[in-house]
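Report on the structure given below.
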Amino acid sequence: MVLKLYGHTHSTCTARVAAVLTEYKVPFELVIVDLFKGEHKSPEYLAFQPFGQLPYINDDGLIIYESRAISRYIAAKYRSNVSSAWLPLPEDIAKTAKFEQAVNTEAFKFDAFASTAAFELFWKPGGPDAEYAKKLLENLNASLDAYEVILSKQKYLAGDELTLADIFHLPYANLLHNAKHINLEDEKRPNVARWWKELSTLPSWLAVKDGVKSPA
Amino acid sequence: MAIQIYGIPLSVAVRRALVVFKELEVPYDLVTVDIIKGEQKSDKALKNQPFGKIPYLHDSDNDLTLFESRAIARYIVGKYDKSGKSGLLPTDEVDAARFEQAVSIEVTAFNPPANGVANELVFKPVLYKKETDQAKLVEALASLNDTLNVYETILSKQKYLAGEYLTLADLFHLPLGTVLTDMAKLNVLTTDKRPSVQRWWKDISSRPSWLVVKADTTPLVFTTE
């Protein structure tokens with residue numbers, strides 16, 4: 001049975017998972033959840049994803065939600081599909097530690113501000129609270145200043161290899177950068193710019209960034 | 001000792017790491033960072049933790065420096081429980097997926113509103129002498145209750161957040177959960193209206209490892225030398 005990805009064409013978190021599925025050459029079927037009709041809050045949907053959010057996967061009966069959890073599952077299960085894994089081997093304790101440090105950094109120092117800012121600026125009913133959005137972006141920029149320091153010493157967030165920790169940034173980084181709410185190409189942060197340039201042009205991201213669809 | 005943890009005993013994030021040390025009976029030295037003086041933002045500290053936060057760890061066995069409490073917790077389990085006997089960090093493909101799902105939920109659905117409530121009711125008044133923003137409190141509390149209502153559904157079907165066994169995903173809730181219950185005196189985790197959450201919270205918050213960590217309330221006052 002082909003893996004089913006329940007999500008939406010333009011959902012940030014669906015794109016996060018789709019990029020990983022693409023990189024790991026895992027065939028999948030995108031099943032569109034009708035957000036506008038509130039399908040994600042229907043009892044049928046909540047039975048699988050009790051928080052009423054997108055996406056979740058059904059991998060031959062195994063249901064997993066939370067895009068980063070799904071991504072880790074795919075990267076572990078299909079490790080042999082790629083030559084450069086985006087997930088360190090658990091036996092490599094030091095690399096794994098640095099990877100987890102980077103994944104948590106993305107969660108608390110980037111996503112916490114970026115996803116909240118994105119909601120505030122693009123999707124909040126009634127429009128953004130300008131002061132609040134400004135504060136979130138200030139915090140995000142402060143984090144990026146720390147990223148500049150980290151990335152001046154190593155190529156990627158977890159070390160010198162690209163990992164899921166970098167990939168996880170893509171959907172919200174892309175959204176906010178393209179709408180010019182943050183500048184990831186700011187020459188005052190040359191290492192962040194270098195990192196972003198590579199990340200944003202990865203083939204597996206380019207394949208999904210303008211809309212997720214079931215691969216042919 | 002091989003491992004030094006830089007932080008203070010009362011810090012939520014420091015405690016999140018320490019409970020795991022206690023679970024596995026791994027010794028450590030807690031090295032005080034004078035956060036009143038802003039020591040965490042000193043050049044020396046920033047070299048170890050570029051975001052200027054606590055905790056961070058140094059392991060002299062392999063000269064490893066590590067920050068982010070959840071990364072530290074995972075590292076300790078990986079290093080000191082290689083057999084996986086504790087069950088705290090599952091490695092089986094399916095168990096691991098369910099574990100990562102549970103960890104992600106703690107990060108995205110519990111931590112933000114719990115922190116929002118704790119900030120308004122405890123951190124702002126007690127630490128920063130600032131007034132509670134009632135609107136923010138109401139919003140955070142609503143969001144927290146929404147999350148805990150879903151927790152009730154999940155925990156009515158399984159014993160812990162990742163399945164039938166205790167994992168790090170459950171333990172990660174302890175420090176902020178305790179601030180809400182013990183310091184803010186809220187019943188969000190103990191209310192009879194959510195009997196499965198009540199059962200789960202009682203279970204995890206009475207673990208000896210947590211009781212030991214919780215008992216260290218060395219206050220945020222430092223003598224200058």
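Scan B:Leu180, B:Leu174 and give me the residue that is out of contact with any Phe, Trp or Tyr (no Cβ under 8 Å at 6 or more places or on another chain), of a type in the set (A, V, I, L, M) and either over 17 Å from B:Leu10 (Cβ atoms) or not assigned by TED's automatic domain parsing to the domain that holds B:Thr32 (or both).
Within the list B:Leu180, B:Leu174, the selection yields B:Leu180.
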Picking from B:Leu148, B:Leu137, B:Leu141, the residue that is closer than 26 Å to A:Ser71 by Cα, in the same structural domain as B:Leu186 (by TED's automatic domain parsing) and surrounded by 15 or more Cβ atoms within 10 Å (Cβ to Cβ) would be B:Leu148
Matching residues in the range B:60-72 (at negative phi and more than 9 Å from every other protein chain (Cβ to nearest Cβ)) number 3
Of the listed residues (B:Glu23, B:Glu93, B:Glu68), the one being touching a Ser or Thr at 6+ places or on another chain (Cβ under 6 Å) and at pLDDT 95 or above is B:Glu23
Query raised in the report: Within the range A:55-68, is even one residue surrounded by fewer than 23 Cβ atoms within 10 Å (Cβ to Cβ) and modelled with pLDDT under 95?
Result: no
Selection from the range A:14-53 of residues within 22 Å of A:Lys209 (Cβ to Cβ), open to solvent by less than 30 Å² (accessible area, probe 1.4 Å) and touching a residue at least 40 places away in the same chain (Cβ under 8 Å) yields A:Thr14, A:Ala15, A:Arg16, A:Val17, A:Ala18, A:Ala19, A:Val20, A:Leu21, A:Tyr24, A:Val26, A:Phe28, A:Leu30
The correct count of residues that are facing another protein chain (nearest Cβ under 10 Å), in contact (Cβ under 8 Å) with a residue 40 or more places away in the chain and closer than 16 Å to A:Ala112 by Cβ in the range A:146-166 is 1
Considering only helices (runs of 4 or more DSSP H) wholly within the range B:3-102, the ones with at least 3 residues that are open to solvent by 50 Å² or more (accessible area, probe 1.4 Å) are B:43-48
Checklist entry - Any chance the range B:77-93 includes a residue that's at the interface with chain A (Cβ under 8 Å from one of its Cβ atoms) and aromatic (Phe, Trp, Tyr)? => result no
Looking across the range A:206-216 at residues that are of a type in the set (A, V, I, L, M, F, W, C) and either modelled with pLDDT of 95 or more or within 14 Å of A:Phe168 (Cα to Cα) (or both), the single one that is surrounded by the most Cβ atoms within 10 Å (Cβ to Cβ) is A:Val212
Counted residues in the range A:69-112 being among the hydroxyl-bearing types (Ser, Thr, Tyr), within 8 Å of chain B (Cβ to nearest Cβ) and open to solvent by 10 Å² or more (accessible area, probe 1.4 Å) come to 2
query = Does B:Val212 satisfy the condition of being more than 14 Å from chain A (Cβ to nearest Cβ), assigned to a helix (DSSP H, G or I) and either open to solvent by less than 20 Å² (accessible area, probe 1.4 Å) or β-branched (Val, Ile, Thr) (or both)?
reply = yes
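The values are calculated or read from the model by the stated rules, or taken from the named source; none is laboratory data. The structure presented is a predicted model; accordingly, all values stated were derived computationally and were not measured. For neighbour counting, all protein chains shown are included, and Cβ atoms are generated from backbone atoms with ideal geometry for every residue, glycine included. Note: areas computed on protein heavy atoms with side chains; ligands, DNA, RNA excluded. Shrake-Rupley method; radii C 1.70, N 1.55, O 1.52, S 1.80 Å.
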